[in-house]
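Let me begin by presenting the structure, written as structure tokens, before commenting on it.
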Amino acid sequence: MAAQMNICVLGGTGFVGTAIINRLSEAGHWVTVPTRHPHLHQELQVLPTVRLIRADVHDPRDLDRLVEGMDAVINLVGILNEHGRNTFQRAHVELAAKLVGALRASRVRRLLQMSSLGADPRGPSRYLRSKGEAEALVRAADAQVDFTIFRPSVIFGPGDSLTNRFAGLLHQSHGWLPLARAQARFAPVYVGDVAAAFVYALRTRGTIGQTYELGGPQIMTLEELVRTTAAVAGLPCHVFGLPDSLARLQGLIMGVLPGKPFTLDNFRSLTRDSICTEDGFDRLGLPRHRLLELLPIYLAPPRAAVGSLAAQS
Ligand SMILES: NC(=O)c1ccc[n+]([C@@H]2O[C@H](COP(=O)([O-])OP(=O)(O)OC[C@H]3O[C@@H](n4cnc5c(N)ncnc54)[C@H](OP(=O)(O)O)[C@@H]3O)[C@@H](O)[C@H]2O)c1
């Protein structure tokens, strides 16, 4: 791999993409980032080697143009909720198929594909099934595509929609939060560590054809995650677990509210623990950070709460 590469990052304007692009730019790579809304992401435009362009990645002609001449493509496009019919299928499966086609046509071989822990064509939710189908498509193209697949657990960091979201909900509800699948387990992984894994894979041929599960060093239940967030943010916390029958109902009701705060499909994803069966970071030789090391920094906690948490960890 060339020291300075041309890299196209699909889905690069999001939470994870921004972390990856910052690192790629720091390393001197030339980065092209297609987006539907360039005006919303001007902060990426100021990075010296980053080019933000308006494009529709679902349009094969746009995709061909984006991929042409690249040394590598990173696919981060993903949604957690459907907006209309079959949008998981379109954003995850159909896009992966189109991307593989574009890579073949332009003879660009290197692809880093973002998936998710629990992705499985026979998984319990449409989200996990569509992520699993996308993985299968990418693997099936191994004769023409040098892929690496990443399967993270939930990702935390500045601007995440995990801890920041819980903090916002707890703030609004004065700490009262009914939780679906409160005992579901996660291995929260730091966004900077995920970004480091992607950048390392780009320069390491041994990662070709590999799949890496990416989890943080700590396994936590959903309830522990919320309680930790509350303690660090100095917020009241009266969370209580819902039985599955009520949690399903919660998904049905909240799934039709604006912004879909929680859906039946989210509930189904939560029926599977999001924890690793292997240590991808260890295989990559990369370090991981603990939630409690970093959460106090970006949630700007009152000092007393940090002190008591540090003592527990
Ligand atoms: N965050 C997590 O905890 C987590 C955990 C496991 C896996 N992942 C996976 O990691 C990837 C990135 O996640 P993230 O948290 O960074 O997501 P995010 O902040 O929501 O960003 C999603 C990105 O995908 C693009 N996108 C979304 N829907 C699209 C569509 N229908 N067509 C074209 N582009 C679309 C957006 O581009 P525009 O600029 O065009 O809007 C945006 O850049 C996803 O594949 C996600 O499934 C995330």
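The values are calculated or read from the model by the stated rules, or taken from the named source; none is laboratory data. Please read these numbers as outputs of a predicted model, since none were measured by experiment. As a convention, Cβ positions derive from the backbone with ideal geometry for all residues, glycine included, and neighbour counts pool all protein chains shown.
Structural remarks
- Helices (runs of 4 or more DSSP H) enclosed by the stretch 7-82 - at least 3 residues per element that are within 18 Å of the chain's Cα centre (by Cα) and either in the same structural domain as Leu257 (by TED's automatic domain parsing) or farther than 19 Å from Phe147 by Cα (or both): 15-26
- Residues (part of a loop (DSSP other than H, G, I, E, B) and either within 11 Å of the ligand (Cβ to nearest atom) or touching a Ser or Thr at 6+ places or on another chain (Cβ under 9 Å) (or both)) located in the stretch 133-154: Ser153, Val154
- Residue that is more than 10 Å from the ligand (Cβ to nearest atom), aliphatic (A, V, I, L, M) and buried (at least 17 other Cβ atoms within 10 Å of the Cβ), where the choices are Ala3, Ala105, Ala96, Ala91: Ala96
- Gly118 being in a helix (DSSP H, G or I) and of a type outside the set (A, V, I, L, M, F, W, C): no
- Residue identified as among the hydrophobic types (A, V, I, L, M, F, W, C), closer than 16 Å to Leu10 by Cβ and in a strand (DSSP E or B) among Leu95, Leu111, Leu103: Leu111
- Flag if Leu52 is modelled with pLDDT of 95 or more and within 26 Å of Ile208 (Cβ to Cβ): no
- Residues that are within 15 Å of Ser153 (Cα to Cα), surrounded by 22 or more Cβ atoms within 10 Å (Cβ to Cβ) and either small (Gly, Ala, Ser) or without any contact (Cβ under 8 Å) to a residue 40 or more places away in the chain (or both), drawn from the stretch 189-206: Ala197
- Taken over the stretch 28-40, the criterion of being under 21 Å from Ile155 (Cβ atoms) and either modelled with pLDDT under 95 or surrounded by 17 or more Cβ atoms within 10 Å (Cβ to Cβ) (or both) is satisfied by Val31, Val33, Thr35.
- Screening Pro178, Pro188 for residues that are in contact with a Phe, Trp or Tyr (Cβ under 8 Å, 6 or more places away or on another chain) and within 22 Å of Pro296 (Cβ to Cβ) leaves exactly one candidate, Pro188.
- Residue satisfying all of: in the stretch 178-229; of a type in the set (Val, Ile, Thr) and in contact with a Pro (Cβ under 6 Å, 6 or more places away or on another chain); nearest to Thr277 (Cα to Cα) among these: Val189
- Count of the stretch 268-299 residues which are polar (S, T, N, Q) and either free of Cβ contacts under 8 Å to residues at least 40 places away in the same chain or not in a loop (DSSP other than H, G, I, E, B) (or both): 2
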